[in-house]
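See below for the structure under consideration.
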Amino acid sequence: MSRTKVVPIPVLGRHTVNAYLLLGRRPVIVDAGTPGSGRKIHEQVRAHGVDPADVSLIVITHGHIDHFGSAAELHRLTGAPLVGHAADLAPFRTGRAREPYLPTGPMGRLMAGHRSLHLEVPPFEPDVIVTGETDLEDFGVSARIMPTPGHTAGSVSVLTDRGDLVAGDLIANSFFGLVRGRPANPPFHDDPLGNLASLRRMLALNPATSTSATAPRWSPTGSGAGPTGSTDGCPGSKRRAGSPSVRRTACPGRGTAPEGRSPEPSPGRTGYRQHAPRPVKC
């Protein structure tokens, strides 16, 4: 099988909200954007020389409106089955995002009350419900769905055979790409420590590049690597009021757990050779 190529599909601005087209033996779409963007995604898929009817799967990374807002519409336009994690079924089935939104900083607090985040959209029932790592070879791409809980309980990312990580909202760009910079926390996380653990597990797999719905492509091992921006240090490193008192002793990917905690468990069988994490600058 040919190696999988990741093509960004801008939904809102250049970096504010993106979906992704995975090109292999058959195409796969990752995320469905904001409400009313299904037709736009459909047209951009066609503009890349892909017949939307050939799309084999639509992967929804988690239960926030800017990721599943047009899932039902895109399913209707392409006929492709939808896949989501079991832990985020409630938002998918009700058409309402996981709430309350738990801000990670000032931007999140500013955005939390915005009406666009609390819309009700057409619900959907995933045709494929995942609970663990899931191989996508049968859907035509050399890639795996990787559970990355923390942003929401059912957050997932997609890791290709080339080492490209489509990370959902595991990470984001500073101010949603309005200010170009190194990756940072999204404005919300249900579980900041859980998200940090998921980020460490993904970095331990040595992805060559990472992209997310709100961040452009970046190299975790490049000179500009190391998620920073809206918090002190790495994503999840700033303690929110009421959260456990845990002092960070290393950045994600350096293999050192926070004091008082055991190192996160191995991500298990992934189909990829695992190496020691590369250094990540904070």
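Readers should treat all values here as calculations from the given coordinates under stated rules, not as data from a laboratory. Source: prediction; values computed, not measured. Here Cβ is always computed from backbone atoms with ideal geometry, including for glycine, and neighbour counts include all displayed protein chains.
What does the highest-first list of 25-32, 56-63 look like by mean Cβ count within 10 Å? The partial results should precede the final answer.
Values: 25-32: 24.5, 56-63: 27.2.
Packing proxy ranking, top to bottom: 56-63, 25-32.
For the pair residue 117 and residue 54, what calculated FRET efficiency results from E = 1/(1 + (r/R0)^6), where r is the Cβ-Cβ distance and R0 = 30 Å, to the nearest 0.05? Walk me through the numbers before you get to the answer.
Details: r = 33 Å, r/R0 = 1.10.
Using R0 = 30 Å, I get an efficiency of 0.35.
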